[in-house]
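Worksheet: the structure to be examined is printed underneath.
The values are calculated or read from the model by the stated rules, or taken from the named source; none is laboratory data. Computed from a predicted structure; not experimentally measured. No Cβ is skipped: glycine too gets one built from the backbone with ideal geometry, and neighbour counts run over all protein chains shown.
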Amino acid sequence: MSRTTTVFEPPALGRPQTLAALRRLRQFADLFVTLSIHRIRVRYKQSRLGLLWAVIQPLAIMLVFTLMFTVLRTAPSGNVPFPLFAYAALIPWTTFSSGLTNASTALTSHAALLTKVYFPREILPLTYIVAALVDMAISSMVLALLMLWYGVPLAATAIWIVPAIALLIGLLVGLGLLCSALQVHYRDVGLAMPVLVQIWLFATPVLYPLTAVKKALPPSLYALYVLNPMVGIVDTFRRGLVLHESPDGPALVVSAVVVAVIVPAAYIYFKYVELTIADAV
Amino acid sequence: MSGRPIDLTLDGVWKQYRLHTRRHAETFWALKDVNLDVPRGASLGVIGRNGAGKSTLLKLLAGITAPTRGRIVIQGTIAALIEVGSGFHPELTGRENVFLSGAILGMRRREIAAKFDRIVQFAGVETFIDTPVKWYSSGMYVRLGFAVAAHMDPDVLLVDEVLAVGDAEFQAKCLQRIQELKQQGTTNLFISHDLTAVERLCDSAVLLEAGAIVASGSSAEVVASYHRRLSLWDPATGQTTIDSPRSGVALTNLAVRNPDEPQAVAFRTGTSVTLSLRYAVARPLSNVEFELRYYSADGRTCIAAPRTGEHGDALDLKPPGGVIDFFCEALPLKSGSYSIGALVRDLTTSRILAWWDGETRLYVQSGPATDAQFYLPHTWRVEHDETGVASVPVADSARHRGQPT
């Protein structure tokens, strides 16, 4: 009979056991699924409006800005109706903001559990990301209704939302792991998150088009602007679905590079912090 | 029993915690150089007072936190038998929570489904299984949480204070389940305050004190050692007073002999006994006293504690050390086995400077004198009344010691 050998040693960043960690994560696949379902179920069990909440957030922001731009008569959406223009970008955006905000406090809000039982800790932030993605699926149905209402059909460019969603998930996983691990020792992270997300929204082409930024900013500042990985993701999503355009190549490549760097780095850091999480939460 | 594989190895394990006080961060070592080997199928008890490092050890073994130094190697799957009600969500039903907490413990969904009926029956909450657990009584909540953990089948089982859970009937069920797992060949590590349970369930035990293993051996021996040490604990400081390296004095041996029969290993009630306590001193010490402690064999009862300072005598000690002999003219103990400890106390501060644990055994056989609880030396005399009616007055032992008149 062969038995698995488990070794516990002092934390060391120089000795990442990422493969062993991933193997362990696979053993807990059932927990990941159960906890994700639980996350979604509990959220809507406690509220009257239930699943509608997934739609209310992007819808509310969209309505507020539609109202504002209607009053100002300066909707920056070109020949696409502004509600559709804004809502298409708000879907990936609200998924990102709620996923990141919830994931970053995932460890500290489960202190009692973390000091009692071991399971791969990354499951906690990851389940919040799954919940955010389920919300995304629900709010996408409203986008479909809006497209029908405004008579905007789906084009072949819609295929570009596949890499955009993949990058969105990657970015959420990387930042979610990083922020939740940082939050264990620096509670400031959780407190800073709402402000950060607010600023981030305006630094991302959600309520205005990327082309306008390209025109307005000098090339050096624009290059800096595009370093924000959400630029490529949000812009690709909207272009593919409602503008029927191919993505902005450089912006999408930047997003891909950021994700490729941040996911492994965040996971190694997370597994390093994980070893002493129970002492700090 | 040799040749059994070692399921659990602790190799020089240290664990440091940071205490964040208002001004600065202090650190303390919760575990200091702990070494353990637990062979497959063995049951090891870990005992010690609150704060001795038991829970830290459990957390390290369960993988909840990592050691600061050293290495822990575990062969096979490990699971902690703990109450997992903390993983419950109040809005979910008992059924949903069983699946949730089972998954948290690392059980597969299929496995939980197969064991579901047994878990519910074990917890005794059949009628309420589809009710949200927020309506449960605290007893039901805890029992269900524990029942889930009790139905894992690990290679190595960590048990933490089972007997603090639920009522007597539920505790009996838990013990039964532990026995069952033990019979299946599970390696057990039993962390508990409940010394009776440790003695009953464990073959061997270790005693933790201030993060270090201070005694190990058969569970009965270690439990006895625990009892003896308990009396040395200073509740005011929360520290044990056994600190010989710093105090500069150490007790190195305690020998018991019969001055009339130097070869004897057992002693008889009523015969004389000499106890020789050897000590080593690093620097001159003044105003100290020695004390002997006679314990029952299990260490639970301190029977007698003669001191050199009984009448206010203070001793001064000089390096390198020496021997102090205690003489007992007539051993008052009835037949049986006893353990003897000794200590040196600073009379100025009442601090215990060094401690000789009751590793010295004293075996007593019935003497010619008594079969009662203990031997009380008496002298006696007879006075004949003039009228011819006999009476037996109490002997005046101070004047006629050992001399029947």
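Inside region B:67-100, residues that are part of a helix (DSSP H, G or I), over 22 Å from residue A:279 (Cα atoms) and either more than 7 Å from every other protein chain (Cβ to nearest Cβ) or in contact with a Pro (Cβ under 7 Å, 6 or more places away or on another chain) (or both) make up a count of 5.
State whether one or more residues within region B:155-163 are buried (at least 16 other Cβ atoms within 10 Å of the Cβ), within 32 Å of the chain's Cα centre (by Cα) and more than 29 Å from residue A:123 (Cα to Cα).
yes
Among the helices (runs of 4 or more DSSP H) confined wholly to region A:154-229, which include 2 or more residues that are buried (at least 22 other Cβ atoms within 10 Å of the Cβ)?
Values: elements: A:161-185, A:188-202, A:210-216, A:219-226.
Those helices (runs of 4 or more DSSP H) span A:161-185.
Scoring residue B:64 on the criteria (1) in contact (Cβ under 8 Å) with a residue 40 or more places away in the chain; (2) part of a loop (DSSP other than H, G, I, E, B); (3) surrounded by 17 or more Cβ atoms within 10 Å (Cβ to Cβ); (4) at the interface with chain A (Cβ under 7 Å from one of its Cβ atoms) leaves a single failure, condition (1).
Is it the case, given these coordinates, that residue A:127 is closer than 30 Å to residue A:278 by Cβ, among the polar types (S, T, N, Q) and either part of a helix (DSSP H, G or I) or at pLDDT 95 or above (or both)? The answer is yes for residue A:127.
Which one of A:91, A:40, A:61, A:56 is part of a helix (DSSP H, G or I) and within 14 Å of another protein chain (Cβ to nearest Cβ)? Reasoning before the result, please.
Values: A:91 fails: within 14 Å of another protein chain (Cβ to nearest Cβ); A:61 fails: within 14 Å of another protein chain (Cβ to nearest Cβ); A:56 fails: within 14 Å of another protein chain (Cβ to nearest Cβ).
Unique residue meeting the criteria: A:40.
Just so you know, in region B:18-58 the residues that are crowded, with 17+ Cβ neighbours inside 10 Å and over 18 Å from residue B:205 (Cα atoms) include one that is farthest from the other protein chains (Cβ to nearest Cβ), and it is B:29.
Mind counting the residues in region A:100-122 that are among the hydrophobic types (A, V, I, L, M, F, W, C), in a helix (DSSP H, G or I) and more than 9 Å from chain B (Cβ to nearest Cβ)? Working first, answer last.
The first filter runs over region A:100-122 and keeps only residues among the hydrophobic types (A, V, I, L, M, F, W, C), leaving A:100, A:103, A:106-107, A:111-114, A:117, A:119.
Then drop every residue that is not in a helix (DSSP H, G or I), which leaves A:100, A:103, A:111-114.
Keeping just the survivors that are more than 9 Å from chain B (Cβ to nearest Cβ) gives A:100, A:103, A:111.
Within region A:100-122, residues that are among the hydrophobic types (A, V, I, L, M, F, W, C), in a helix (DSSP H, G or I) and more than 9 Å from chain B (Cβ to nearest Cβ) number 3.
Among the residues of region A:6-23, are any basic (Lys, Arg), in a helix (DSSP H, G or I) and within 13 Å of chain B (Cβ to nearest Cβ)? Within region A:6-23, not a single residue is basic (Lys, Arg), in a helix (DSSP H, G or I) and within 13 Å of chain B (Cβ to nearest Cβ).
Restricting the first residue to region B:39-53 and requiring it to be in the same structural domain as residue B:200 (by TED's automatic domain parsing) and outside any strand (DSSP E or B), which pairs with a second residue that is hydroxyl-bearing (Ser, Thr, Tyr) and surrounded by fewer than 20 Cβ atoms within 10 Å (Cβ to Cβ) meet a Cβ separation below 8 Å and a spacing of at least six or different chains? From region B:39-53, the pairs are B:42/B:204.
For every residue, the table says whether it meets (1) over 20 Å from residue B:295 (Cβ atoms); (2) acidic (Asp, Glu); (3) out of contact with any strand residue (DSSP E or B) (no Cβ under 8 Å at 6 or more places or on another chain); (4) not in a strand (DSSP E or B).
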residue: B:322; (1), (2), (3), (4): yes, no, no, no
residue: B:326; (1), (2), (3), (4): no, no, no, no
residue: B:338; (1), (2), (3), (4): no, no, no, no
residue: B:341; (1), (2), (3), (4): no, no, no, no
residue: B:345; (1), (2), (3), (4): no, no, no, no
residue: B:349; (1), (2), (3), (4): yes, no, yes, yes
residue: B:355; (1), (2), (3), (4): no, no, no, no
residue: B:363; (1), (2), (3), (4): no, no, no, no
residue: B:367; (1), (2), (3), (4): yes, no, no, yes
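What strands (runs of 3 or more DSSP E) lie completely within region B:186-229 and have 3 or more residues being within 12 Å of residue B:159 (Cβ to Cβ)? Even if it seems obvious, please write down each step before you answer.
On the way: elements: B:187-191, B:204-209, B:212-218.
Passing ranges, in order: B:187-191.
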